[in-house]
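Only one structure is covered here, and it is reproduced in the block below.
The values are calculated or read from the model by the stated rules, or taken from the named source; none is laboratory data. Since the model is a prediction, treat every value here as computed from it, not as a measurement. Ideal geometry is used to build each Cβ from the backbone, glycine not excepted, and the neighbour counts take in all protein chains shown. Just so you know, the surface numbers come from the protein's heavy atoms only, side chains and all, with ligands and any DNA or RNA stripped out. Shrake-Rupley method; radii C 1.70, N 1.55, O 1.52, S 1.80 Å.
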Amino acid sequence: MCIVFKSVFVRRVFGLAFFFFFLIFFNNGSLFAQTYVTNNGIIMERISDEDVKEVERLNEEAEIEDELERERLAELNAANAEDIEEADAIDDLFGEESEGDVDAPVTTPTTEIVKVDAKNKPVEFSGDLNAELGGYLWFYPWESTKPLATFSNILKFIGRPRTDFYVYGSFLTQFPAMDFGVYELYFDYTLFGTADISAGKRDISWSLSRMLVTNIIDEKCSVISAEDAANKPKRKTTDSKFTLSATVPILSYGSIKGLAQYESNAIETEMPDYVSLCGKLEGNIGKFSVSVLGKRWAKADTKGFDPCVGMEVISTLLGQNSNMFVQCLAHISPASCRISRTKWTAGIYKYFENPIMLGLSFEYQGIWGSKEISVDGTIGQFKGIQHLFAAEIGWSRFLLSKKWTFGCKWFHDTGNKYGTVFPVIVIEEILPHLDFKTSAPVYYGSQEKYGLIFELVLKLKY
C-alpha cells in the first residue's frame with residue numbers, strides 16, 4: 001500500500017513539474033513555430049516569437065520597398081506610356097514588326113520586356129515567332145514574280161537578381177536571310193533609384209518618326225529603297241552594336257543622356273576611330289517635351305558626316321493616343337564652321353478607339369546638303385534640296401466574327417523621283433495564330449512596278 005502511494009505521488013510530482021516547466025517555457029516567449037518567408041524565398045523553421053516578429057518586420061519593409069520600386073518604375077514609364085500604346089495600336093493595324101529599344105522622351109531607355117520582380121521571377125523567357133508563306137505576283141515587270149517564304153523567331157530573356165539590376169538578351173533566327181545569332185545582350189544598372197547605366201550589344205533608337213529616318217544614333221542619309229517604302233526592313237543581328245549609355249535625371253523636370261557606340265562588328269586595330277558619341281538634354285514643359293541633342297560620328301565612318309546638333313519638340317495637344325513632333329538637325333563643318341547639311345522633319349499621329357478603330361499618320365522631311373552622299377551605291381542625299389513625304393491610314397472592324405484591317409501607305413521621294421502606294425487588307429485569326437494578308441503595291445516614277453501579294457502569316461507570342 002505504501003509502495004503504491006509513493007509511486008502515485010512520484011508520478012504526480014513529475015507531472016506537476018513537467019506542467020510548470022512548460023508554463024515557464026511559454027511565459028518566457030520560447031514557443032517554437034514554423035513560418036515561411038515567401039517574399040525572400042527563404043524557409044525558416046523552429047524560430048522564437050521574437051524572431052517571428054523580426055521576420056514580419058522585415059517582410060513589411062520588403063513589401064514597402066517593392067511598392068516604392070513599382071511606383072518608381074511607374075513614374076519613369078509614365079512619360080512614354082501613351083507613346084508605347086500608340087505605337088502598338090498603329091503597328092497592329094499595319095502588322096509591322098516593332099523596332100529595337102526605342103528611347104522615348106524624358107524616361108529611362110525602354111525595352112521590349114517589362115521589368116519583373118526578382119524575388120518571384122529571377123529569370124523570365126519570352127519570344128516572337130513570325131512566318132510567312134505566299135507569293136509576289138507582279139504584272140509589271142513580270143520577271144519579278146516569285147514565291148514568298150520567310151521565317152523569323154526571336155527568343156528573349158530577362159534576368160533580374162536585384163530590383164535595380166537586370167540582364168537582357170535575345171537570340172534571332174531568320175530565313176531566307178540566313179541570319180542566326182545574338183541580337184542583343186546587355187545589362188542595365190539603376191543607381192540611387194534613378195540614374196541608369198547600360199552596356200552591351202544593343203539595338204537602341206532615339207527615333208520620333210514611324211516612317212522616315214529621324215534616329216540620330218543611326219543616321220542613314222534618308223536612304224529609303226523601293227522595298228523599304230512598302231514594308232519595314234527586317235531586323236538583323238548586325239543592327240545591334242556594343243553600346244555604353246547612361247541616363248541621369250534632373251530632379252523631376254528632365255534628364256541627361258549620353259551614349260558611346262562601337263560602330264564595327266569586328267575588332268579593329270584602331271578601335272577609338274570606330275566609336276561615335278551622342279548626347280541629349282531633355283525636359284518637360286506642360287504637354288511639350290523639348291530636347292537638345294548632338295552627335296559626333298566615328299572617324300572611320302564612310303558617310304563623311306560632320307558633327308551634328310539639333311532640337312526636338314514633341315507634344316500631345318491632340319489628346320490621348322496622339323502626338324506631334326518637329327525635329328531640326330544641322331551638320332557643322334569643324335574646319336569652316338559652316339553648315340554642310342540640314343534636315344528638318346515634322347509628323348502628326350492620331351489613333352481613335354471609339355466609335356471606330358482608326359489610325360492616321362503623316363510625316364514630311366526636308367534635306368539640304370552641300371554634297372551628294374551615296375550608301376551602298378544608292379544616292380541617299382542629293383546636292384541641294386530633297387523632299388520626302390509619307391502617310392498611312394488604317395481602319396479595323398469585325399466582320400463575320402473576324403477582325404478585318406484595311407490600310408494604305410503612301411511614300412514619295414522627290415530626289416529619287418519615285419513613290420509608292422501600298423493598300424493592304426488583313427483578316428486576323430482565320431485559324432488560331434494564322435492571319436491572311438493581301439496587298440496591291442504600286443511603285444510609280446523612276447521605279448515603276450505593280451502587282452499583287454498574297455500571304456498567310458503565322459504569328460505567335462510565347
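Do we have ARG235 as over 18 Å from TYR168 (Cβ atoms) and surrounded by 20 or more Cβ atoms within 10 Å (Cβ to Cβ) here? Against the criterion (over 18 Å from TYR168 (Cβ atoms) and surrounded by 20 or more Cβ atoms within 10 Å (Cβ to Cβ)), ARG235 does not qualify. Which of the residues belonging to the range 193-247 are within 24 Å of ILE314 (Cα to Cα) and basic (Lys, Arg)? Of everything in the range 193-247, those that are within 24 Å of ILE314 (Cα to Cα) and basic (Lys, Arg) turn out to be ARG210, LYS220, LYS232. Can you tell me which of ILE348, ILE379, ILE385 is assigned to a strand (DSSP E or B), in contact with a strand residue (DSSP E or B) (Cβ under 8 Å, 6 or more places away or on another chain), open to solvent by less than 60 Å² (accessible area, probe 1.4 Å) and farther than 30 Å from HIS433 by Cβ? After applying the criteria, what remains is ILE379. Search the range 198-226 for residues being assigned to a helix (DSSP H, G or I) and closer than 17 Å to CYS278 by Cα, and hand back the single one that is most open to solvent (accessible area, probe 1.4 Å). Only one residue tops the list, namely ASP218.
Just to be sure before I move on: is PHE125 at pLDDT below 95, assigned to a strand (DSSP E or B), hydrophobic (A, V, I, L, M, F, W, C) and open to solvent by 30 Å² or more (accessible area, probe 1.4 Å) in the structure I sent? Taking the combined requirement at face value, the residue satisfies it. If only residues of the range 168-196 that are aliphatic (A, V, I, L, M) and at pLDDT 95 or above are counted, the one that is most open to solvent (accessible area, probe 1.4 Å) is LEU185.
The requirement of being over 22 Å from the mean Cα position of the chain (by Cα), open to solvent by 40 Å² or more (accessible area, probe 1.4 Å) and charged (D, E, K, R) is not satisfied by GLU263.
The residue pairs whose first member lies in the range 301-320 and is on the phi < 0 side of the Ramachandran plot and exposed (fewer than 13 other Cβ atoms within 10 Å of the Cβ), whose second member is of a type in the set (Asp, Glu) and at pLDDT below 85, and whose beta carbons are closer than 9 Å, counting only pairs six or more residues apart or on different chains, are GLN320/GLU82; GLN320/GLU85; GLN320/GLU86; GLN320/GLU353. Being part of a strand (DSSP E or B), open to solvent by 30 Å² or more (accessible area, probe 1.4 Å) and touching a residue at least 60 places away in the same chain (Cβ under 8 Å) is a description that applies to LEU137. Within the range 296-336, being over 21 Å from LYS220 (Cα atoms), part of a strand (DSSP E or B) and over 23 Å from the mean Cα position of the chain (by Cα) holds for no residue. I need the full set of residues from the range 173-197 which are touching a strand residue (DSSP E or B) at 6+ places or on another chain (Cβ under 6 Å) and either of a type in the set (S, T, N, Q) or in a loop (DSSP other than H, G, I, E, B) (or both), in order please. Hits for the range 173-197 are THR173, GLN174, THR190, THR194.
Residues that are among the hydroxyl-bearing types (Ser, Thr, Tyr), part of a strand (DSSP E or B), open to solvent by less than 20 Å² (accessible area, probe 1.4 Å) and over 21 Å from TRP206 (Cα atoms) are absent from the range 351-368 altogether. Among the residues of the range 296-308, the ones that are modelled with pLDDT of 90 or more and out of contact with any helix residue (DSSP H, G or I) (no Cβ under 7 Å at 6 or more places or on another chain) come to 4 in all. When ILE425, ILE385, ILE339 are screened for being more than 15 Å from SER225 (Cα to Cα) and under 29 Å from the mean Cα position of the chain (by Cα), only ILE425 passes. Filtered by the rule that a residue be among the β-branched types (Val, Ile, Thr), outside any loop (DSSP other than H, G, I, E, B) and open to solvent by 20 Å² or more (accessible area, probe 1.4 Å), the range 388-420 gives a lone residue, ILE393.
Which one of LEU259, LEU293, LEU281, LEU244 is assigned to a strand (DSSP E or B), in contact with a helix residue (DSSP H, G or I) (Cβ under 9 Å, 6 or more places away or on another chain) and without any contact (Cβ under 8 Å) to a residue 60 or more places away in the chain? Before the answer, list the steps.
On the way: LEU293 fails: without any contact (Cβ under 8 Å) to a residue 60 or more places away in the chain; LEU281 fails: in contact with a helix residue (DSSP H, G or I) (Cβ under 9 Å, 6 or more places away or on another chain); LEU244 fails: in contact with a helix residue (DSSP H, G or I) (Cβ under 9 Å, 6 or more places away or on another chain).
Result: LEU259 is the single residue among LEU259, LEU293, LEU281, LEU244 that is assigned to a strand (DSSP E or B), in contact with a helix residue (DSSP H, G or I) (Cβ under 9 Å, 6 or more places away or on another chain) and without any contact (Cβ under 8 Å) to a residue 60 or more places away in the chain.
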